[in-house]
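Before any comments, here is the structure.
The values are calculated or read from the model by the stated rules, or taken from the named source; none is laboratory data. Remember, it's a predicted structure, so these values are computed and weren't measured experimentally. Every residue, glycine as well, gets a Cβ built from its backbone with ideal geometry; the counts of neighbours run over all protein chains shown. With ligands, DNA and RNA removed, areas are computed over all heavy atoms of the protein, side chains included. Shrake-Rupley method; radii C 1.70, N 1.55, O 1.52, S 1.80 Å.
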Amino acid sequence: MRKTLLFLLLITALFSRVGAQDFKYGAVTREQMDMKSYAKDTSAHAVVLQEFGKSRIDVGGDDNIKLQYLYHVKIKIFDSKAFDKGTVEIPVYNNSDADSFEDVQDIKGVTYYLDDNGTTQKVELENKKIYPVKENKHWAIYKFALPGIRNGCVIEYTYKIESPYFENFHAWHFQADIPKIYSEYEVHIPAFWTYNASIKGFLKLTKNTSDVETSCFSTHGASCDCSHIVYGMGDIPAFVEEDYMTSSKNFSSTINFELVEYTSPYDGSKHKITKEWRDIDYQLKNEIYFGNQLKRKGLLKDRVASIIAGKTDDISKARAIYTYWQKWFKWNESRGIYSENISKAFDTHSGSDADINLSLVTALSTAGLNAETVLLSTRDNGMLNTLYPVLGDFNYVVAKVNIGDQSYLLDATDPMLPFGVLPFRCLNDKGRVFSLDKPSYFMDLNLPQKEKSTYTYDFTLHEDGKLTGKMVNYSVGYEAYKKRVAIRKFNSTDEYVENLNEKFPKMKILKSEILNLDSLDLPLGEIYEVEIDLYNKTGANKITFNPFFMKRIITNPFKLAERSYPVDWGMPSDDRFILTIHLPAGYTIETPPQALSLSMPDNGGKFLTYYEPEDNGFKFSNVIQFNKSIYSSEEYPYLKELYNKIIQSEKSEMIFKKK
């Protein structure tokens with residue numbers, strides 16, 4: 001049988017003769033040894049000098065078809081902060097109950113260094129220092145540490161992996177946490193296999209060539225052409241992670257391969273791997289650990305009836321079931337989309353997110369409510385591929401209940417979450433809504449959740465330098481959830497208050513009250529009567545005072561000159577601060593705070609301050625507002641500058657003068 005080339009690529013290849021070649025192992029130049037820093041990133045602690053990889057599908061020595069992968073890298077280490085680059089882990093996969101792990105071969109490693117005479121020396125990796133560690137039935141890791149790591153050394157290592165799992169075609173990660181001078185990946189794919197190839201990230205390939213290798217693959221009388229493609233990239237900057245981002249795998253430059261279908265070279269049978277969404281819907285609907293669990297209404301019928309007894313409207317029924325589920329279950333921290341047995345999880349009061357939330361969907365449906373399941377990928381797991389279905393992208397499920405013209409997303413894994421609020425880990429672009437009776441669809445997870453807090457302080461400044469008065473804090477939405485979680489970490493509210501006293505040694509809390517701690521849908525209130533030792537000196541003619549003495553932003557979380565990926569808060573925020581100060585008799589305000597009104601373009605955010613003098617005192621307030629969940633890389637400079645101005649403003653001090 002002969003098969004012509006059919007290879008589907010989602011990125012454009014330039015069809016010219018390919019000139020890819022691995023660099024020579026065991027050779028290092030004097031120039032590489034003498035490098036003191038990398039000119040294009042002088043802050044780098046190491047730089048990849050050369051990196052090469054090659055993947056091909058071919059017949060192995062045992063006459064079985066294998067996916068063969070070669071990796072080879074050479075790294076210059078400048079200082080001790082990059083010594084970890086000499087510790088290597090090679091993960092290998094097993095897709096069966098038997099120990100059929102991928103096979104690691106030909107591991108070699110060497111460290112080059114300059115001796116006291118300036119002569120290049122090398123230390124070879126010993127085979128006995130390479131050891132496999134079995135993590136679980138599906139994964140094992142080969143580990144080794146290159147010997148003789150020191151400042152200024154060059155390390156080099158290479159290895160091969162043979163795999164029977166064609167769906168695990170190796171991705172190539174151009175970007176890492178250190179820069180790379182050049183990185184190249186070569187692939188050979190026989191026409192019996194069809195892959196989707198997709199590139200992520202913001203960097204452009206500097207090399208992308210392709211040609212057809214005639215009759216490159218043959219086995220058992222079957223032969224075909226191969227697609228031979230080379231991807232290369234030079235002068236690759238390090239990927240620097242910064243606050244307020246989802247998984248780095250969403251943004252670092254990578255090429256991924258997804259097996260679409262293959263034709264067996266042995267009998268010509270065709271096998272479709274990447275399916276359409278209707279195929280995924282059918283698969284999930286009939287999956288024992290998914291769809292079948294959603295059909296088990298009879299299991300929960302009596303329980304649900306008692307929970308909703310006396311409830312006459314749908315929203316009350318939904319809230320009652322959700323609250324019951326929160327209290328009944330304890331999440332075991334396990335994530336996934338499949339539940340082995342919701343009955344067992346219910347009996348043990350413990351389970352994964354799927355155990356808890358699939359049973360929640362079933363319970364809501366049992367109550368006659370319009371309930372669906374939402375499959376999603378958590379923030380640390382990466383975004384979903386919306387171009388074609390990849391079931392392995394999902395690692396979490398939540399419930400969705402539709403009441404009237406409103407939809408509410410519910411996650412009962414956390415007893416502190418209000419009705420209709422998802423945990424921060426779930427706020428990641430899109431989810432896929434699945435039900436038993438209609439096609440699935442994507443929904444936006446940019447939800448109307450918000451963090452909101454209001455701090456109202458009313459203080460009297462005394463001649464002895466003490467500040468006495470009342471602090472009233474109200475937290476709303478997700479901010480209230482975070483406060484409740486912080487308080488519940490302590491055995492009692494008294495212990496929480498004691499901890500506040502320890503965190504602010506100059507403050508003594510005389511009386512405290514926590515409001516609505518268990519009423520999850522209401523704002524959380526904190527009321528404190530306090531005494532603060534603000535000044536050591538008494539009777540001074542002039543006193544400096546910073547109105548942000550209790551809550552001040554000191555550090556800008558945005559430090560990059562440019563940021564190629566978005567800032568993702570997860571949700572908008574609104575932070576308000578109102579301060580009233582009553583001065584001692586005989587004092588006046590010599591230097592009041594400056595009133596400011598700073599805004600980002602397109603109402604993206606703002607910082608406002610307001611000052612109002614009063615008899616023998618003043619009122620000062622400020623607002624910090626970020627009105628979007630996600631800010632693009634183009635908005636990054638404005639966000640960074642607003643933070644700079646907030647920090648600068650909060651440094652300024654008032655001066656009180658004695659008459």
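For the reader, a short list of remarks on this structure follows.
- Computed over the stretch 423-507, Kirkwood Rh from alpha-carbon pairs, angstrom: 17.0
- When the pairs Lys275/Lys438; Lys36/Lys180; Lys66/Lys285; Lys128/Lys160; Lys54/Lys137; Lys452/Lys482 are compared against a 22 Å limit on Cα-Cα distance, Lys66/Lys285; Lys54/Lys137 fall above it.
- Solution diffusion estimate, µm²/s, Stokes-Einstein, the stretch 491-644, Kirkwood Rh from C-alpha pairs, 37 °C, viscosity 0.692 mPa s: 173
- Using the Cβ-Cβ distance between Lys438 and Arg303 with R0 = 25 Å, the FRET efficiency computed as 1/(1 + (r/R0)^6) comes to roughly 0.40.
- Cα-based Rg / Dmax (Å) for the stretch 204-321: 26.1, 75
- Cα-based convex hull volume of the stretch 363-451 per residue, rounded to whole Å³: 118
- To the nearest ten degrees, helix 478-488 and the longest principal axis of the Cα atoms of the chain are 80 degrees apart.
- Using θ = phi - 60° in the Karplus curve 6.51 cos²θ - 1.76 cosθ + 1.60, the 3J(HN,Hα) couplings for the stretch 148-156 round to x, 5, 7, 4, x, 6, 10, 10, 8 Hz; x is entered for Gly and Pro.
- The chain: radius of gyration over Cα atoms, expressed as a fraction of 2.2 N^0.38 Å: 1.19
- C-alpha center-to-center spacing [the stretch 31-53, the stretch 569-645] in angstrom: 44
- Reduced Cα scattering model of the stretch 516-589, Debye log10 I(q)/I(0), q = 0.13, 0.24, 0.28 Å⁻¹: -0.78, -1.38, -1.52
- Space enclosed by the convex hull of the alpha-carbon atoms of the stretch 119-191, per residue, Å³: 181
- Principal-axis tilt of helix 636-651 within the chain, Cα atoms, nearest 10 degrees: 30
- Helix 314-328 and the longest principal axis of the Cα set of the chain meet at an angle near 80°.
- Sulfur and carbon atoms: percent of accessible area, the stretch 450-582 [1.4 Å]: 50
- For the stretch 50-112, the average shadow cast by the Cα convex hull is 6.1 nm², which is a quarter of the hull's surface.
- Taking N as the residue count of the stretch 436-566, its C-alpha radius of gyration divided by 2.2 N^0.38 Å amounts to 1.46.
- Förster radius 45 Å - calculated FRET efficiency between Ser343 and Thr29 (Cβ-Cβ, nearest 0.05): 0.10
- Computed over the chain, the per-residue total of -39500 (n - 2.57) for DSSP H runs of n ≥ 4 gives a 222 nm mean residue ellipticity of -4500 deg cm²/dmol, rounded to 500.
- With the Kirkwood sum run over all distinct C-alpha pairs, the stretch 273-330 has a hydrodynamic radius of 13.8 Å.
- If you wrap the tightest convex hull around every Cα atom of the stretch 184-223 and split its volume per residue, you get 82 Å³.
- Based on every Cα atom in the stretch 275-433, Rg and the maximum pairwise Cα distance Dmax equal 14.9, 46 Å.
- Carbon plus sulfur fraction of accessible area for the stretch 122-264, probe 1.4 Å, in percent: 50
- Unpaired cysteine residues in the chain (no second Cys Cβ under 4.7 Å): Cys153, Cys224, Cys426.
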